Each structure stands twice: as structure tokens, then as C-alpha cells.
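J.: Right, I'll just put the structure down here and ask away after.
The values are calculated or read from the model by the stated rules, or taken from the named source; none is laboratory data. Computed from a prediction, not measured in an experiment: that's the story for all the values here. In this analysis, Cβ positions are derived from the backbone assuming ideal geometry, glycine residues included, and neighbour counts consider all displayed protein chains. The protein model used for the area step is the full one, side chains on, heavy atoms only, and it has no ligands, DNA or RNA in it. Shrake-Rupley method; radii C 1.70, N 1.55, O 1.52, S 1.80 Å.
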Amino acid sequence: QVQLVESGGGLVQPGASLRLSCAASGSIFSSNVMAWFRQALGKQREEVARITSGGSTGYRDSVPGRFTISRDNAKKTVYLQMNSLKPEDKAVYYCYSLSGGYAYWGQGTQVTVSS
């Protein structure tokens, strides 16, 4: 069983930055694939960024260069640094973990980008 708790969302102006954090418990974190998804109102949930146990990363086409995913295995935490935020980045952001063939989700944190 894996528990994921996100934090760091909020309301910011266009061009600002936010760093989301996801603290994991209940599993061998270092071996898990971790990812961030987001879901805007009325749209499907989409993957934003992914990081493997070995540190390899992948990003959605619309975010490389603006978003950076990283992990601290000692703290069992994955981060999403978001820079140059745009209004279209507004969504609920969810932390995701793939552990032992099972997928786990956090409760989500709201990111709103508005002037």
C-alpha cells in the first residue's frame, strides 16, 4: 500500500513559479516510477511528467523547459518545479506512483494561474 500526499499548489499570476511536492509512504520509494498528472475542469487527466527509479525523466510536449520533475529518495518525495506558468496550466495536479504493478494516486492539489 502506498500513500501519496501532495502540497504546494495555489493561485499565482502568469509567468510565476510553483513547486509541488508529493510525499510518499508505505513502499520502497526508490524503486517506484513516479509521475505528475493534471486534470483541468471538463478535460481528461493527462500525464505531465514522469521519473523512473533510475532518474530518467519524460515530459508532456507542452511543458519541457518550463517544468522539471525530480525525486529525493531519502525523503521519499517527488517534486514538480513549474516555471513560466500559463493560464492553461490551471488544473488539479495529482501525484502518481507505480509500485509492484499497482498504481496509486494522491488526493490532488489545485494550481490556478490567473491575473
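J.: Among residues belonging to segment 14-39 that are out of contact with any Phe, Trp or Tyr (no Cβ under 8 Å at 6 or more places or on another chain) and under 17 Å from Val63 (Cα atoms), point out the one that is surrounded by the most Cβ atoms within 10 Å (Cβ to Cβ).
T.: Leu18
J.: For segment 77-115, enumerate the residues that are in a strand (DSSP E or B), modelled with pLDDT under 95 and either among the hydrophobic types (A, V, I, L, M, F, W, C) or more than 28 Å from Gly54 (Cα to Cα) (or both).
T.: Listed by number, the residues that qualify are Leu98, Ala103.
J.: Which one of these is at pLDDT 95 or above, open to solvent by 30 Å² or more (accessible area, probe 1.4 Å), closer than 14 Å to Gly106 by Cα and out of contact with any helix residue (DSSP H, G or I) (no Cβ under 6 Å at 6 or more places or on another chain): Gly42, Gly9? Talk me through it step by step, then tell me what you get.
T.: Values: Gly42 fails: closer than 14 Å to Gly106 by Cα.
Of Gly42, Gly9, the one residue that is at pLDDT 95 or above, open to solvent by 30 Å² or more (accessible area, probe 1.4 Å), closer than 14 Å to Gly106 by Cα and out of contact with any helix residue (DSSP H, G or I) (no Cβ under 6 Å at 6 or more places or on another chain) is Gly9.
J.: Determine which single condition Leu11 fails, assuming it passes every other condition in (1) part of a loop (DSSP other than H, G, I, E, B); (2) in contact with a Ser or Thr (Cβ under 6 Å, 6 or more places away or on another chain).
T.: Only one criterion is unmet by Leu11, namely (1).
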